[in-house]
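Asker: There's a structure below that I have some questions on.
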Amino acid sequence: MNVFERSMKVMRDLFSNDCQFALATAHQNIPSIRVVDTFYDEGCFYIVTYAKSKKVKELEVNKNVSLCHQLYNFNGYAYNIGHPLKPENKAIREKLIHVFKPWYFKHNNEKDENMCYVKVELTKGFFYKDGKGYKVDFVKQEASEFPFKFDILTN
């Protein structure tokens, strides 16, 4: 297994569940940040949201986004892939319902035509696990691995 393949296994281990990240978008060169629940699958993060939300309106104008949690950080391109009941969203919908089971139907109304999924196609990222850091170029499918210790003090 090469470094990129190992890094993708670590991505699945860390993020193929309900993970909260700060999502940064921008409008007219002014950044905007909010915390969102995400799910990682096959090189992308997915977010369940609302088509009329500020974040969706901003990413429809500027698809460049960043995601951050602790020292984990990612850049990518975000797209509104539409309503959960669209046939092409069937497979990811099943995964999102499972992963977000405690709150998916409690906080989302699939009868609302403005409910949507956002897909973040990753371009670059940094993450760490078990004393190793990973810097990844998702587009080139290249990664570097190096010793890394999380040692920032938090209150």
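Asker: Please enumerate the residues belonging to segment 1-45 that are over 23 Å from Pro102 (Cβ atoms) and part of a strand (DSSP E or B).
Answerer: Ala24, Thr25, Ala26, His27, Ile30, Pro31, Ser32, Ile33 - these are the residues of segment 1-45 that are over 23 Å from Pro102 (Cβ atoms) and part of a strand (DSSP E or B).
Asker: May I pose another question? Which count do you get for residues in segment 64-95 that are outside any strand (DSSP E or B) and touching a residue at least 60 places away in the same chain (Cβ under 8 Å)?
Answerer: Total meeting the criteria: 2.
Asker: Ok, one more. Among the residues in segment 23-39, are any surrounded by 15 or more Cβ atoms within 10 Å (Cβ to Cβ), within 29 Å of Gln141 (Cβ to Cβ), of a type in the set (D, E, K, R) and out of contact with any Phe, Trp or Tyr (no Cβ under 6 Å at 6 or more places or on another chain)?
Answerer: The answer is yes, given that some residue of segment 23-39 is surrounded by 15 or more Cβ atoms within 10 Å (Cβ to Cβ), within 29 Å of Gln141 (Cβ to Cβ), of a type in the set (D, E, K, R) and out of contact with any Phe, Trp or Tyr (no Cβ under 6 Å at 6 or more places or on another chain).
Asker: Can you pull out the residues in segment 1-41 that are under 11 Å from the mean Cα position of the chain (by Cα) and on the phi > 0 side of the Ramachandran plot?
Answerer: If the condition is that a residue be under 11 Å from the mean Cα position of the chain (by Cα) and on the phi > 0 side of the Ramachandran plot, then no residue fits.
Asker: Does Tyr117 count as of a type in the set (Ser, Thr, Tyr) and either more than 18 Å from Lys9 (Cβ to Cβ) or in contact (Cβ under 8 Å) with a residue 60 or more places away in the chain (or both)?
Answerer: Criteria met by Tyr117.
Asker: Kindly indicate the residue of segment 97-152 that is under 19 Å from Val36 (Cα atoms) and among the aromatic types (Phe, Trp, Tyr) and also nearest to the chain's Cα centre (by Cα) among those meeting that condition.
Answerer: Tyr117
Here, each number is a calculation from the coordinates, and none is a lab measurement. Only a predicted model underlies this, so the values are computations on that prediction, with no experimental measurement involved. Counting neighbours? That spans all protein chains shown, and the Cβs are built from the backbone with ideal geometry, glycine included.
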